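Engineer: Input: one structure, supplied below.
The values are calculated or read from the model by the stated rules, or taken from the named source; none is laboratory data. From a predicted model like this one, the values you see are computed outputs, not experimental measurements. Quick reminder, even Gly has a Cβ in these numbers, built from the backbone with ideal geometry, and neighbours come from all protein chains shown. Quick note on the areas: whole protein, heavy atoms, side chains included, nothing else; ligands and nucleic acids left out. Shrake-Rupley method; radii C 1.70, N 1.55, O 1.52, S 1.80 Å.
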Amino acid sequence: MGDPQYLAYPQLALAQTVFTLASPSTSSNAKQSSLTSLQDAIREHKMAPLYAYLAHPHTGKINASGESGSAVMSPTISRSNTNMSSTGPPSNTLRRTSSINAPSMIGVLGGKTDTSVELPWDESLYNELKADNEKELAAIAKEEEEAAERAGETEILAAQSKRAEMYARIGDKDAALVHFEKLFDKTGILAIKIDIVLAIIRIALFFDDKILARHNIARASTLVDSGGDWDRRNRLKAYQGLHLLTIRAHNTAAPLLLDSLSTFTSNELCPYSSLVVYATLAGTVSLPRRDFKSKVVDAPEIRAIFGADSDTDRLLALSGAPSAGTGGEDEEMAGDDSTTKEKDATATPKPTAVNLTALASGSASAEAQALAEPKYDFKPLSTLINALYTGQYSAFFRALSTVETEFLSQDRYLYEHTRWYVREMRLKAYTQLLASYRVVSLASMAASFGVSVEWLDKDLAPFIASQRLQATIDRVQGVVSTVRGEGKGRQYNDVVRQGDQLITKLQKYGQVKRRGYRVPWECMRKLLDRNGLVASPR
């Protein structure tokens, strides 16, 4: 169906740069570096609308002067298109995020922006960029007129696509959406329609418009199912997984992200290293133990990246070249934390050979793309998943703290769910440990996790009170007792109760029949259907 189009813009890495600049959890050095990168990008791509959106004296999103007027949108980016894709209220899955009703590049920060490093507003620079935009639009308009007079429909669409791509490049959300929709309506080729919808999804991700992203992902799925090729189907899988991650649907995002690891080609969406991080985090918190072992701990793509001891080995893994060493041996979960050495959990497995040559898309080589990958220290993530699986809970807690500060709080897609994720991971570890015991002392459990008894008691209490942890705490005896079989017991009681109700209704029906009354067949059918039975008329 041809090579994918409209992949260049918007550049989602720039949205991460804006987040780093405004986030209270990033360092001063990272902010300064992000400011330089953002200013260079604004000048290089003539991004007058985005410059006004971020740094305008009255409505700028990341400057102190614009915080009080955060409800007022910038002159070039209004809220007219934020809800254009949904006629009703957000679905239940979208209500998990506080930024759903106020789409903004820094909406995930919840108004808690750090203005220690500001993007300065320069009126003369803005006017210069705006004039350059107008000149470029005039040139595109002239090209469209010439194409309409001398060329065919294909050339006209090509000229019009330049206008849509230009608006996406300079950060004018409204205009980009309008012109991409016009292109969609005029295009008859299915592959190009899919590419246009994928470009709209990236615009939604760039401005953190979750409703717009959800609508167009469903739209793209319909197009792909109607005859999309393998490459676009594979790209959509990564897009959908990343969107689900932003709305805290980790259980549905994990299979999509993990499946994308071996066939990833969506470099316009995120670097491969970032995809590995997203897939690992989503799989760790959502998958049951058996799937967690096979799809995360033992996944060859993850082991190849996490097991790279140097940048050279990492580049070999990313570029698809065979790397030295064999995978780490599987380890069974230890029943008693005190009998196993923590160094087994913290040891990084050696990389295995993995073919990731699918990273090369377009004219760029896999090696060049690997060199452009961000440099992550994967050791905390590697320790996290191995310590959780092997039951080294003290090492797990330390790794979780590092993951929180180095990954969750530093990424614009993960930041909003940091507290939830850390809480769920603690619950997962507590549940896993208590599954091996009927009664365990608080002191022993606290020692296993490397925390105090008082802290552990306080942390366990909300999980037990909300019945998410089937256990009870006896502070007099200093023990935690697990409550077993309650789930099956509840199911048994439900079956008995429903059976009694069904017998009572059938007895009443028999009495009616013996008295000679005829019960309408429709009433009888509804009665049986409500009780899970199937009946057929005589």
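Engineer: Test each condition in (1) on the phi > 0 side of the Ramachandran plot; (2) open to solvent by 50 Å² or more (accessible area, probe 1.4 Å) for Tyr6 and report the one that comes out false.
Structural biologist: (2)
Engineer: Met105 passes all but one of (1) open to solvent by 30 Å² or more (accessible area, probe 1.4 Å); (2) in contact with a Lys or Arg (Cβ under 7 Å, 6 or more places away or on another chain); (3) closer than 16 Å to Pro49 by Cβ; which number fails?
Structural biologist: Failing condition for Met105: (1).
Engineer: Give me the pairs, please: first residue somewhere in the range 5-16 and in contact (Cβ under 8 Å) with a residue 40 or more places away in the chain and more than 12 Å from Tyr413 (Cα to Cα), second residue anywhere and assigned to a loop (DSSP other than H, G, I, E, B) and open to solvent by less than 50 Å² (accessible area, probe 1.4 Å), beta-carbon distance under 7 Å, and either six or more positions apart or on two chains.
Structural biologist: Leu7/Glu268; Pro10/Gly171
Engineer: Could you run through the range 133-166 and say how many residues are within 36 Å of the chain's Cα centre (by Cα) and open to solvent by 30 Å² or more (accessible area, probe 1.4 Å)?
Structural biologist: Applying the first criterion (within 36 Å of the chain's Cα centre (by Cα)) to the range 133-166 yields 133, 136-137, 157-166.
Now drop any that are not open to solvent by 30 Å² or more (accessible area, probe 1.4 Å), which leaves 136-137, 157-158, 160, 162-163, 165.
Number of matching residues: 8.
Engineer: Run Ala304 past the list (1) open to solvent by less than 10 Å² (accessible area, probe 1.4 Å); (2) within 26 Å of Phe206 (Cα to Cα) and report the number of the one that doesn't hold.
Structural biologist: Status for Ala304: all satisfied but (2).
Engineer: Please determine whether any residue of the range 222-231 is buried (at least 24 other Cβ atoms within 10 Å of the Cβ) and modelled with pLDDT under 95.
Structural biologist: Here is the first cut: in the range 222-231, the ones buried (at least 24 other Cβ atoms within 10 Å of the Cβ) are none.
No, the conditions are met nowhere in the range 222-231.
Engineer: Keeping to the range 420-479, report how many residues are without any contact (Cβ under 8 Å) to a residue 12 or more places away in the chain, surrounded by 14 or more Cβ atoms within 10 Å (Cβ to Cβ) and over 19 Å from Phe396 (Cβ atoms).
Structural biologist: Count: 1.
Engineer: Return yes when Ser294 is part of a helix (DSSP H, G or I), surrounded by fewer than 24 Cβ atoms within 10 Å (Cβ to Cβ), among the polar types (S, T, N, Q) and in contact (Cβ under 8 Å) with a residue 24 or more places away in the chain and no when it is not.
Structural biologist: On the way: part of a helix (DSSP H, G or I): yes; surrounded by fewer than 24 Cβ atoms within 10 Å (Cβ to Cβ): yes; among the polar types (S, T, N, Q): yes; in contact (Cβ under 8 Å) with a residue 24 or more places away in the chain: no.
It is false that Ser294 is part of a helix (DSSP H, G or I), surrounded by fewer than 24 Cβ atoms within 10 Å (Cβ to Cβ), among the polar types (S, T, N, Q) and in contact (Cβ under 8 Å) with a residue 24 or more places away in the chain.
Engineer: Right, here's the next one. Of everything in the range 207-216, what is in a helix (DSSP H, G or I) and either touching a His at 6+ places or on another chain (Cβ under 8 Å) or buried (at least 24 other Cβ atoms within 10 Å of the Cβ) (or both)? Give them in sequence order. Before the answer, list the steps.
Structural biologist: Going residue by residue through the range 207-216, those that are in a helix (DSSP H, G or I) are 210-216.
Matches in the range 207-216: Lys210, Leu212, Ala213, Arg214, Asn216.
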